[in-house]
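Written out below as structure tokens is the structure these notes cover.
The values are calculated or read from the model by the stated rules, or taken from the named source; none is laboratory data. The model shown is predicted, which means the values in this text are computed figures rather than measured ones. Cβ: placed from backbone, ideal geometry, glycine included. Neighbour counts: every protein chain shown.
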Amino acid sequence: MEGTVPSRLIRRVSYDLQSRTLSVWLTTSENRYDYQNVPTSIHAAFRRAFSKGRFFNAHIRSQFEYRVVRENASVE
């Protein structure tokens, strides 16, 4: 599951297998959220989930540490 997903909550996702980082772009924000140390089993279950938003809220959002990356930060 790389790229856009059919969800009202999530615009796009990507997963880096080496660092186990799940990057999520929400429809409610311009920022990217990088969830750290997400096991491949959680990523696989997320890919299979019928409702990506429900799975994200129940199994990822409050379960893993994350950092916010400002996507539209202007460079001076």
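Observations on the model:
- Listed by first and then second residue, the pairs with beta-carbon distance under 8 Å, at least 6 apart or on different chains, first residue in the stretch 1-13 and free of Cβ contacts under 8 Å to residues at least 40 places away in the same chain, second aromatic (Phe, Trp, Tyr) and surrounded by 17 or more Cβ atoms within 10 Å (Cβ to Cβ), are Glu2/Tyr15; Arg11/Trp25; Arg12/Trp25; Val13/Trp25; Val13/Phe46.
- Some residue of the stretch 8-24 being of a type in the set (Gly, Ala, Ser) and within 11 Å of the chain's Cα centre (by Cα): yes
- Being of a type in the set (Lys, Arg) and at pLDDT 95 or above holds for only one residue in Arg67, Arg8, Arg47, and it is Arg67.
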